Amino acid sequence: ALISKGTVEEKVALIFTLFDFKRKHKISRGDACGAIMSSVRGFCTIKGVPLPPADGLEWLCDERLMDFVRQNRRQLAEDAAEDRGVDLDDDALAKIAAAADCKIAEFTLWCKRDPY
């Protein structure tokens with residue numbers, strides 16, 4: 001209710017900040033799962049609908065959010081390398097994409113995407 005009138009970016013930024021426990025402008029996979037689970041619980045409570053199973057929410061975080069982050073990072077790395085005339089091999093791209101934390105820009109992109 002406190003942020004119901006904010007933009008999507010403002011709402012996402014608030015949620016992200018609440019779960020950025022180390023205040024490093026990035027959240028871990030576990031923190032991201034916590035943010036998603038808390039948001040879904042709140043939505044279900046407001047709507048009076050049953051909660052989805054916890055393993056389904058963990059899947060949403062692991063398979064959807066973190067996969068999105070990895071793909072986004074890989075594409076950004078490929079684009080940056082191409083702009084600089086550098087050829088990164090698959091191992092280098094995989095290392096860039098595998099970074100464990102999620103940054104606010106990535107979290108915002110994921111929250112704004114079309115889920116279908």
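The values are calculated or read from the model by the stated rules, or taken from the named source; none is laboratory data. From a predicted model like this one, the values you see are computed outputs, not experimental measurements. FYI the Cβ positions are ideal-geometry reconstructions off the backbone, even for glycines, and counts take in every protein chain you see. Calculation scope for accessible area: heavy atoms of the full protein, side chains included, ligands and nucleic acids excluded. Shrake-Rupley method; radii C 1.70, N 1.55, O 1.52, S 1.80 Å.
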Legend entry - Rh (Kirkwood; distinct C-alpha pairs) - segment 1-57, Å: 12.4
Inset, instruction - Report in % the part of the accessible area of the chain that belongs to carbon and sulfur, leaving out ligands and nucleic acids; probe 1.4 Å. - result: 57
Inset, instruction - Compute the convex hull volume of the Cα atoms of the chain, divide it by the residue count, and report the result per residue in Å³ as a whole number. - result: 130
Legend entry - Rough spin-label spacing in nm, given labels placed 7 Å along Cα→Cβ, for LYS112 and PHE43: 1.8
Inset, instruction - Calculate, for ARG64 and LEU14, the FRET efficiency according to 1/(1 + (r/R0)^6) with r their C-beta to C-beta distance and R0 22 Å; round to the nearest 0.05. - result: 0.55
Legend entry - Accessible area in square angstrom per residue, the chain, 1.4 angstrom probe: 70
Inset, instruction - Over 22 Å between C-alpha atoms is what I'm after, so list which of LYS5/LYS103; LYS5/LYS26; LYS5/LYS112; LYS11/LYS47; LYS26/LYS47 land there. - result: LYS5/LYS103; LYS5/LYS26; LYS26/LYS47
Inset, instruction - Compare the peptides 42-52, 76-86, 59-69 by average per-residue count of other Cβ atoms within 10 angstrom and give them in order, highest first. - result: 59-69, 76-86, 42-52
Inset, instruction - With label points built 7 Å along Cα→Cβ from the Cα atoms of ALA54 and SER4, find their separation and express it in nm. - result: 3.0
